[in-house]
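Comments concern the structure below.
The values are calculated or read from the model by the stated rules, or taken from the named source; none is laboratory data. Please read all numbers here as calculations on a predicted model, not as lab measurements. Here the Cβ is made from the backbone with ideal geometry for all residues, glycine too, and neighbour counts use every protein chain on show. To get the accessible areas, we keep the full protein, side chains included, count just its heavy atoms, and leave off ligands, DNA and RNA. Shrake-Rupley method; radii C 1.70, N 1.55, O 1.52, S 1.80 Å.
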Amino acid sequence: ILTNNLRRQKEKELLIPIDIKDVKLVDWLVDRSIVNRLWNEECSELRDLLKQVGEEECPLIDIAGEIVSPIHYHNSVKFLQALEESPFGSKNLIGQYTHDYTAKWARIVKLFERDSTFLADSAKHIIQNVKYDIPLFKKQIARATQIKQDSMKKQADCSNNINKYQMKYREKCADIGIVGDHVRSELKNLVEDIPGKMSDIAADIGSLKQALSYYQVFVRFLINNPDLEVCPLLFFVLQHGNVTVSQWETGALPSKRVTVIAVSRLLNR
């Protein structure tokens, strides 16, 4: 009964949590002789093997992408288990691995477990993570979060500018009489409408005949020149309608009439 009570008491003591400062974790393991004091110097063979497997090509594709530095005890055990479950984990009659790559990983795990070296190595990685890696990741996360917020703000500004300039674009298109979906073809259509609009303008000038005649008489009387030409172009359009510029300049019909539509087609060839 006494023996059982002592055993239970020791088990309870093992479950009591101990607060150890992170930078003192390796020293705590060494002071209590859990790991060898010279564990770091005795790991030369382990470092050489880790360097070799890091340079060699992994025959197992499933774990090839995971073998990256730093390699520690826990992922070494994981890699060895994966190799043992694959065709590369076969053994000979005396229990040795037949594949050299698997044998190296088995040796790495064995060296980690010798004199509890893996505890000191894990403690070293914990210190590295706590002192350097985690603060660095926090800074990177904060920087990435700030960049994300700035990018979202810029995106919102760009979206507002897009809507603003789209409205301005539609307004300018409306000013020149096009929709703006197919600018080239819509501008061509405007050019094709010019002759019809010019004919309409020439027809509307007929309503100005009385006003032009009065203005002509008034100017001739004012200047005292009964033969003075007043608004010759308007009177020409009143008399002949929408004719060519050549007929206006020469007074004769051109031998060949080149329309605005034909000119635009020639320019687009």
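Observations
- Cross-link pairs exceeding 31 Å in C-alpha to C-alpha distance, out of Lys24/Lys139; Lys12/Lys104; Lys51/Lys148, comprise Lys12/Lys104; Lys51/Lys148.
- Segment Asn163-Arg47, length gained on full extension (0.36 nm per residue, minus Cα span): 35.6 nm
- Shown here: Rg and Dmax of the Cα atoms in Å, derived from the displayed model; of the candidates [x] 26.8, 90; [y] 47.8, 148; [z] 21.4, 71, it corresponds to [y].
- Classified by the C-alpha gyration tensor, region 112-254 has a prolate form. Its axis ratio a/c, with a ≥ b ≥ c, is 1.5 or above, and a/b is larger than b/c.
- The distance from the alpha carbon centre of region 188-221 to that of region 41-56 is 99 Å, rounded to a whole number.
- A simple spin-label model places pseudo-atoms 7 Å from Cα toward Cβ; at Ala174 and Asp204 they are separated by 2.2 nm.
- Rounded if a/c under 1.5, otherwise prolate or oblate - region 57-175, Cα gyration tensor axes: oblate
- Spin-label model, Ile34 to Ile94: label points 7 Å out along the Cα-to-beta-carbon direction sit 3.7 nm apart.
- Glu249 - accessible surface, heavy atoms, 1.4 Å probe, Å² rounded to 10: 140
- Average Cα contact separation per residue, the chain, under 8 Å, 6 or more apart, as relative contact order %: 14
- Lys110-Asn189 pseudo-label distance in nm [points 7 Å out on the Cα-to-Cβ vector]: 8.6
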